[in-house]
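Okay, so here's the structure we're looking at.
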Amino acid sequence: MTNPMPDRPIAADQIDWALLASGVDQGNIPALLMLLHQMTGETKWLEEPFVPKRAPGLDDNDSGQLPSDIQREVRDHARQAIEAWLRGQDLALPEPDNAHLAKMLSVAMTEHVPEEYGDIVAAGMRPTATARDVPPSLAKKSAIVIGAGISGICAGIELQRLGIDYVLLEKNEDFGGTWFENRYPGCGVDTPSLTYTFSCRPNDWSKYFPLRDEIEGYLLDTASEFGLAAHAQFNSKVETAQWDDAADQWEVAVSKPDGTISTHRADYLFSAVGLLNIPQYPKIAGLESFAGDVIHTSRWPAGTDLSGKRVAVIGNGASGMQVAPAVADDASALTIFARSKQWAAPFPQFRKPVPDGVRYLMRAVPLYRAWLEQRLSWTFNDRVHGTLRRDPDWAHPERAVNEINDGHRRHFTRYVHEELADRPELIDDVLPDYPPFAKRMLLDNGWYRTLRKPNVRLIPEHLARVEGHRLISSSGIEVEADVIILATGFQTTRVLGSYDVIGRNGQVLRDLWDEDDASAYLGTLVPGFPNLFILLGPNVGSGHGGSMIRNIENQMHFAGEVVLASAARGADTVEVKNAVYQDYRRQIDEAHETLVWTHPGTENWYRNKKGRVIAITPWRNDAFWRMTRSPKPDDLEFGYTDGDNATLAEAS
């Protein structure tokens, strides 16, 4: 069941009615229909002639594809219902059951949404976290959090709820993680802003897809609001984390910029370093002797000026597709070396601002914001998941994994042809020959428009070597450049690769994982490493789309429940049983073998050198949400210092 919406954020006598009306007039029709149904209790808003029609692609479908007179009727009634609610009238349906929520979302999305999906819809619409019974013994416990990005902020907030004292260690100068480090031109998120938001702290975003400065500002404000800085030590690089069996604690060695080493000890260790923190530098002969500047996108120097310079971009993944359009007009010449081809979806919301009235509507009426978020969550998260299964009976596996996936291929192919209609010679160089979604699906933020510019040249080959200012491709094509931008991403399969983790009996986690073959139960727990919780660990990222913040929150909720389960038993340590760990790894691998990312002949950054998928989950988001609600005690190994389990459990 959903909880009722919070008290009205803005009192009726303080409402700007004109601004609110403009928000309703520009608001999303499907979301307004759901709001009307809950505010009035009338089922007609879920029936014809008000049922929305499907919009193409990733369009927000603000009109619902309905006739203008029907849209007007919806907006007028929504305005009346909202005004009545703001003046004190209760919601007619404050808590629809989960099955009904799924039915409502089906109407809003113009497609079937499974009934069980109502569980995660209900959870997403809850305004506050559920209260927990926290044993007093946790006040005596301590924790270390490594990393102060999104995962670290999430961990800090949850540890404060649990009453556990902690220190947060961060190698950089401030909070932000990947959004502190990545400052390249055009840097932004490809997830809707409403879903790229902590559940506990909604934000008044200025854009539907914000750029990095606004995201960093949001993260800094969140850390400030929750008082996380009081627990943080910046410019503190973790070198090793080692389990001390005698003390049942983790000992963490930290280096400072001046070379000094300090140690910290705590009962629990939370690794919040994520996957996107170790830059991937390509092996290019002569690169180190390049006569100009070499810049990795995640290490962008402040004050970099590319005006009038010859610029080469290496790579056309997510960062390449963002940085190239952003620098093309400044550069005198831009050369893009792209040895692989990428699918890029139409992106009508690119840099699109949220109208002032709509922002006000979301602030004044949380129910509208909640339904808008649920629509976006389905569109950019699980809508496509069911279409990514490899159909063994499909006749054309060389181009798609099933019939629906083939329809996606035709849609995206038409889009490429439309965008490059006046440059048809480029089509063969950019059109992928593998199924859509087999690599990360990118969003077109001006990529194809950039390729058409007269000062831009695409070389669909590997940059083989560098000689002075000369850049030479694998087939011998030569260009000259003053600046090389490495848009080559990160070492995504080297989970926890930035420091050594040493568990029981001296077991090194990197060795257990054979460098790039990481596994963890629910992406979080590893046997032999007690009281260690890995956030955004193996197989947690979402390859089919969606907000990583939600999965991190799910993990941290699960970690908190594990800690509570351990404390309730009076245990000193907790870890996952090896058989459970191995079984989960098997389930992950078997599930991935049925999905597009393991399609024969496909390469992507999700897989390790053996071809095993490491970075992303095979699960639908609601499935992972259910898995992380509460630990199964039989899956866990609890440790007791004196071995007298019964006495310790009773004493707690």
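General remarks:
- Residue count, the stretch 524-539 (criterion: open to solvent by less than 10 Å² (accessible area, probe 1.4 Å) and either within 20 Å of Val563 (Cα to Cα) or in a strand (DSSP E or B) (or both)): 11
- In this entry, Gly503 passes the filter for residues that are more than 28 Å from Asn381 (Cβ to Cβ) and touching a residue at least 24 places away in the same chain (Cβ under 8 Å).
- Just one residue in the set Glu158, Glu116, Glu170 is under 27 Å from Gly543 (Cβ atoms), touching a Gly at 6+ places or on another chain (Cβ under 7 Å) and acidic (Asp, Glu); that residue is Glu158.
- Contact annotation: residue pairs with Cβ atoms under 8 Å, 6 or more positions apart or on different chains, pairing a residue in the stretch 193-208 that is of a type in the set (D, E, K, R) with a partner that is open to solvent by less than 40 Å² (accessible area, probe 1.4 Å) and not in a strand (DSSP E or B), are Arg201/Thr222; Asp204/Met362; Lys207/Ser193; Lys207/Val354.
- Some residue of the stretch 404-425 being under 30 Å from Met34 (Cα atoms), crowded, with 16+ Cβ neighbours inside 10 Å, of a type outside the set (Phe, Trp, Tyr) and in contact with a strand residue (DSSP E or B) (Cβ under 8 Å, 6 or more places away or on another chain): no
- Some residue of the stretch 47-61 being at pLDDT 95 or above, part of a helix (DSSP H, G or I) and either surrounded by 20 or more Cβ atoms within 10 Å (Cβ to Cβ) or among the acidic types (Asp, Glu) (or both): no
- Residue tally, condition within 29 Å of the chain's Cα centre (by Cα) and surrounded by 20 or more Cβ atoms within 10 Å (Cβ to Cβ), over the stretch 233-249: 3
- The residues listed here are Thr628, Thr573, Thr594; of these, the one that is more than 23 Å from Ser271 (Cβ to Cβ) and either touching a residue at least 60 places away in the same chain (Cβ under 8 Å) or in contact with a helix residue (DSSP H, G or I) (Cβ under 6 Å, 6 or more places away or on another chain) (or both) is Thr594.
- Residue ranges of helices (runs of 4 or more DSSP H) in the stretch 542-649 with at least 3 members among the aliphatic types (A, V, I, L, M): 548-568, 578-592
- Restricting Arg389, Arg440 to residues that are open to solvent by 50 Å² or more (accessible area, probe 1.4 Å), in contact with a Ser or Thr (Cβ under 6 Å, 6 or more places away or on another chain) and touching a residue at least 12 places away in the same chain (Cβ under 8 Å) narrows the list to Arg389.
- Scan of the stretch 66-81 for residues that are open to solvent by 70 Å² or more (accessible area, probe 1.4 Å) and without any contact (Cβ under 8 Å) to a residue 24 or more places away in the chain, ordered by number: Pro67, Ser68, Asp69, Arg72, Gln80
- Verdict on Ser137 being of a type in the set (S, T, N, Q) and touching a residue at least 60 places away in the same chain (Cβ under 8 Å): yes
- Among (1) in contact with an Asp or Glu (Cβ under 8 Å, 6 or more places away or on another chain); (2) crowded, with 21+ Cβ neighbours inside 10 Å; (3) at pLDDT below 95 - the single one Lys609 does not satisfy: (2)
- Some residue of the stretch 406-414 being aromatic (Phe, Trp, Tyr) and either closer than 26 Å to Pro600 by Cβ or free of Cβ contacts under 8 Å to residues at least 60 places away in the same chain (or both): yes
- Screening the candidates Ala108, Ala123, Ala84 for the property of being open to solvent by less than 50 Å² (accessible area, probe 1.4 Å), out of contact with any Asp or Glu (no Cβ under 6 Å at 6 or more places or on another chain) and more than 30 Å from Asn621 (Cα to Cα) yields one hit, Ala84.
- Search result, residues across the stretch 331-347 that are touching a Gly at 6+ places or on another chain (Cβ under 8 Å) and not small (Gly, Ala, Ser): Ile336, Phe337, Gln342, Pro346
- Residue check for Ala84: part of a helix (DSSP H, G or I), under 15 Å from Leu372 (Cα atoms) and among the hydrophobic types (A, V, I, L, M, F, W, C): no
- Some residue of the stretch 324-345 being among the hydroxyl-bearing types (Ser, Thr, Tyr) and part of a loop (DSSP other than H, G, I, E, B): yes
- Within the stretch 154-181, residues that are over 20 Å from Asp213 (Cα atoms) and open to solvent by less than 20 Å² (accessible area, probe 1.4 Å) reach partners that are charged (D, E, K, R) and not in a helix (DSSP H, G or I) with beta carbons closer than 6 Å, at six or more positions or on different chains, in the pairs Ile164/Lys141.
- Test: residue in the stretch 23-41 that is open to solvent by 50 Å² or more (accessible area, probe 1.4 Å), in a loop (DSSP other than H, G, I, E, B), modelled with pLDDT of 95 or more and over 30 Å from Asn445 (Cα atoms): no
- With respect to the conditions (1) more than 28 Å from the chain's Cα centre (by Cα); (2) modelled with pLDDT under 95, Trp378 falls short on a single one, namely (1).
- Checking Asn621 against (1) touching a helix residue (DSSP H, G or I) at 6+ places or on another chain (Cβ under 6 Å); (2) surrounded by 20 or more Cβ atoms within 10 Å (Cβ to Cβ); (3) at pLDDT 95 or above, the condition it does not meet: (3)
- Here Gly476 does not fit the description of being open to solvent by less than 30 Å² (accessible area, probe 1.4 Å) and small (Gly, Ala, Ser).
- Residue list for the stretch 342-358, restricted to those being under 23 Å from the mean Cα position of the chain (by Cα) and surrounded by fewer than 23 Cβ atoms within 10 Å (Cβ to Cβ): Gln342, Ala344, Ala345, Pro346, Phe347, Pro348, Gln349, Phe350, Arg351, Lys352, Pro353, Val354
- Arg586 vs. criteria charged (D, E, K, R), touching a residue at least 24 places away in the same chain (Cβ under 8 Å), out of contact with any Leu (no Cβ under 6 Å at 6 or more places or on another chain) and open to solvent by 20 Å² or more (accessible area, probe 1.4 Å): no
- Selected residue [assigned to a loop (DSSP other than H, G, I, E, B), out of contact with any Lys or Arg (no Cβ under 9 Å at 6 or more places or on another chain), more than 22 Å from Asn455 (Cα to Cα) and of a type in the set (Gly, Ala, Ser)] from Gly308, Gly303: Gly303
The values are calculated or read from the model by the stated rules, or taken from the named source; none is laboratory data. What you are looking at is a predicted structure, and each value in this text was computed from that prediction instead of being measured. In this analysis, Cβ positions are derived from the backbone assuming ideal geometry, glycine residues included, and neighbour counts consider all displayed protein chains. For accessibility, only protein heavy atoms count, side chains too; no ligands or nucleic acids. Shrake-Rupley method; radii C 1.70, N 1.55, O 1.52, S 1.80 Å.
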